[in-house]
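J.: Here it is, the structure, as structure tokens.
The values are calculated or read from the model by the stated rules, or taken from the named source; none is laboratory data. All values derive from a computational prediction rather than experimental measurement. All Cβ positions, glycine included, derive from the backbone under ideal geometry; neighbour counts span all protein chains shown.
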Amino acid sequence: MAGISANYRTTIDEAVERLISRAEDARGLSGGDIAGRVEASLEKYLFKDDANAGNTEIKAFIDEIRADDLCLVIACERGDEAAWEALVKEFDPTVKSAARKAASNAEDAEDLASSIWAELYGLRTDADGNKKSKLAYYSGRGSLGGWLRAVTAQLAVDGFRKQAKYVQIEEDREFENLANEAAGDGELIAHDPSPEELLTDRRTAADVTEALAQTVAELDAEDRLIMKLYYFDELKLKQIADTFGYHEATASRKLARIQSEIRKGVERTLKNKHGWTENEVKKYLSETAEGLGVSLETMFAAITLAVLLQEIWL
């Protein structure tokens, strides 16, 4: 219990057990399953504001946590499909309503709502391949519905900022190009890679492309079609879901699973077939994605699209 005195252990354990008992549906969770989230909330909110908080304040803080909402979220994080379906069923109207208020038109609202469920399920992964979900930020201190509305609004703001930043970058690049031309009489000076660097880059790129092609070939027909519809035909998650007759949240989960399988398949093939070490896999893939200014999933998606296009054209 980093940062919290062991003197509070009994108080916290008892309060966590009361929290579980208050839930109408604890989703099969025990006190131990939620204790980490509760303790993190205590450190982040209670002790940050009051370093001298004692047993009375701890008990009151935990007793105010919304038991059912927190259990539902943690069950979703643990991969409970029934919990995820319940989350979507109960809060999809809330997310869509918030998206309509935050977006400028119906199409943008639909995209925003789809993005919310993708962020909640966790389409992105960290450097170790662990899924990153915004559900990890829910503490249970307020209503889950209110928190989802806030997340929707924040993502809308983030989207606007990214778009504005992209435009600004493009403008800055034009000025940079003009400055370079003026400084070099129209000639841009760049570092030319050595033949050894070029050979290494080509080999590693060829290994990754081959590994990706093999991984894509091993996907089942539906997964390959989903990738084509999403990346090549640029269909929205809702449109893909309608194509197969399921909810857009299910499409988000399927896409996340496919992306994860592709990443793991590429890493496995690079190590087993091409002799890459674990460090080489992480280093090269991360550096390549960083150089492109994208995530690993985006880089894999781009190369996957190229592989799928090759299949279409052949």
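J.: For E24, which of the numbered conditions (1) crowded, with 16+ Cβ neighbours inside 10 Å; (2) in contact with an Asp or Glu (Cβ under 7 Å, 6 or more places away or on another chain) fails to hold?
T.: Just one mismatch for E24, condition (1).
J.: Conditions first: (1) among the aromatic types (F, W, Y); (2) at pLDDT 80 or above; (3) touching a helix residue (DSSP H, G or I) at 6+ places or on another chain (Cβ under 8 Å); (4) within 22 Å of L120 (Cβ to Cβ). W276 passes all but one, so which condition is the exception?
T.: (4) is the only condition that W276 fails.
J.: Still on this structure, I have one more. Can you run down the residue pairs with Cβ atoms below 7 Å, 6 or more apart or on separate chains, where the first is in the range 206-228 and within 14 Å of R257 (Cα to Cα) and the partner is at pLDDT below 80 and among the hydroxyl-bearing types (S, T, Y)?
T.: Short answer, once both residue conditions are applied: V216/T304; M227/T304.
J.: What number of residues within the range 47-76 are touching a residue at least 12 places away in the same chain (Cβ under 8 Å), part of a helix (DSSP H, G or I) and surrounded by fewer than 18 Cβ atoms within 10 Å (Cβ to Cβ)?
T.: Summing the residues that are touching a residue at least 12 places away in the same chain (Cβ under 8 Å), part of a helix (DSSP H, G or I) and surrounded by fewer than 18 Cβ atoms within 10 Å (Cβ to Cβ) in the range 47-76 gives 4.
J.: Can you name the condition, by its number, that E218 falls short on among (1) charged (D, E, K, R); (2) surrounded by fewer than 19 Cβ atoms within 10 Å (Cβ to Cβ); (3) closer than 24 Å to S133 by Cα?
T.: Answer for E218: the failing condition is (3).
J.: So, in the range 212-265, of the ones that are in a helix (DSSP H, G or I) and among the hydroxyl-bearing types (S, T, Y), which residue ends up nearest to E119 (Cα to Cα)?
T.: S252
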